[in-house]
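Asks: Following this message is one structure expressed as structure tokens.
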Amino acid sequence: MVAQNGKDLLIKMDMTGDGQFQTTAGLRATRISFNAETVDVTNLDSQGGWRELLAGAGVRSASLSGSGVFKDDATDERARQIFFDGQMPDFQVIIPDFGTIEGPFQITAIEYAGTHNGEATYELSLASAGALTFTAAV
């Protein structure tokens, strides 16, 4: 994978619950992280005393975050609705030249900020809430 433009890492949310994804407007910075817990099965018979892990076990999760400025009433309103209604719709994360991650996420935090002589900003944090799928970029 060669160098990519950061603005091409997109977070899209399902706007209607039927697969109509729209880019979350105004984001200036986005981040996705994948995590996998390990299950240690090391025992007295482990070769050379080295730790052994159980393959395929443990909880896998993903977290998303983004920050930006208000730009689009529709996606701003949808994010607020998702948070206050406790919904967990599907989101898509487009990673340039890598692929698309899709699945249910819960918005775990929305933060609003502003300064006297600057624009109002917001930050979103999301946590995976089910199985995610990966589609490789073509």
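Asks: Pull up all non-local amide H partners of Thr108: gap of 5 or more, or a different chain, and H-to-H distance under 5 Å with H placed in the peptide plane.
Replies: Ser125, Leu126, Ala127
Asks: Which whole-Hz couplings ³J(HN,Hα) result when phi for each residue of the stretch 122-138 is put into the Karplus expression 6.51 cos²θ - 1.76 cosθ + 1.60, θ = phi - 60°, listed in order with x for Gly and Pro?
Replies: Couplings: 9, 10, 10, 10, 10, 10, 4, 10, x, 5, 10, 10, 10, 10, 5, 5, 9 Hz.
Asks: Per DSSP H run of at least 4 residues, take -39500 (n - 2.57); add these up for the chain, divide by its residues and hand me the 222 nm value, nearest 500 deg cm²/dmol.
Replies: -3000 deg cm²/dmol
Asks: OK, next. Residues with amide H under 5 Å of Thr24's amide H, sequence separation 5 or more or different chain, H placed in the peptide plane at 1.01 Å from N; which?
Replies: Close amide H contacts, sequence-distant or interchain: Ile11, Lys12, Met13.
Asks: On the principal axes of its Cα set, how long, how wide and how thick is the chain? Give whole Å, largest value first.
Replies: Extents along the principal axes: 64, 37, 35 Å.
Asks: I need Ile32, Ile107 ordered by Cβ neighbour count within 10 Å, fewest first.
Replies: So the ranking, lowest neighbour count to highest, is Ile32, Ile107.
Asks: Counting other C-beta atoms within 10 Å, which of Leu10, Leu54, Leu64 has the fewest, and how do the rest follow? Before the final figure, lay out the partial values.
Replies: Working: Leu10 17, Leu54 10, Leu64 21.
So the residues, fewest neighbours to most, are Leu54, Leu10, Leu64.
Asks: Taking a label point 7 Å from the Cα of Asp76 along the Cα→Cβ vector, which residues of the stretch 114-133 have an amide N closer than 11 Å to it?
Replies: Correct set: 120-122.
Asks: Explain nothing, just compute: Karplus ³J(HN,Hα) = 6.51 cos²θ - 1.76 cosθ + 1.60, θ = phi - 60°, for every residue of the stretch 91-99 in order, whole Hz, x for Gly and Pro.
Replies: For the stretch 91-99, the Karplus curve yields 10, 10, 10, 9, 10, x, 6, 10, x Hz.
Asks: Let me ask something else about it. Roughly how big is the chain's charge dipole about its Cα centre, with Cβ charges of +1 (Lys, Arg) and -1 (Asp, Glu), in debye to the nearest 20?
Replies: Using Cβ point charges on Lys, Arg, Asp and Glu, the chain gives about 260 debye.
Asks: Within the chain, which is the longest segment that contains none of the GluC sites (Glu not before Pro) sitting in a DSSP loop with at most 13 other Cβ atoms within 10 Å?
Replies: Longest stretch, sites excluded: 53-118.
Asks: Computed over the Cα atoms of the stretch 48-88, what is the ratio Rg over Rh, Rh following Kirkwood?
Replies: With Rh from the inverse mean 1/r over Cα pairs, Rg/Rh is 1.35.
Asks: Which ³J(HN,Hα) values, rounded to whole Hz and listed in residue order, are derived for the stretch 44-61 from phi using the Karplus coefficients 6.51, -1.76 and 1.60 in 6.51 cos²θ - 1.76 cosθ + 1.60 with θ = phi - 60°, glycine and proline given as x?
Replies: 4, 8, 4, 4, x, x, 7, 5, 10, 10, 7, 5, x, 9, x, 8, 9, 8
Throughout, read-outs are computed from the coordinates displayed, never taken from laboratory work. Computed from a prediction, not measured in an experiment: that's the story for all the values here. Every residue, glycine among them, receives a Cβ derived from its backbone with ideal geometry; neighbour counts consider all protein chains shown.
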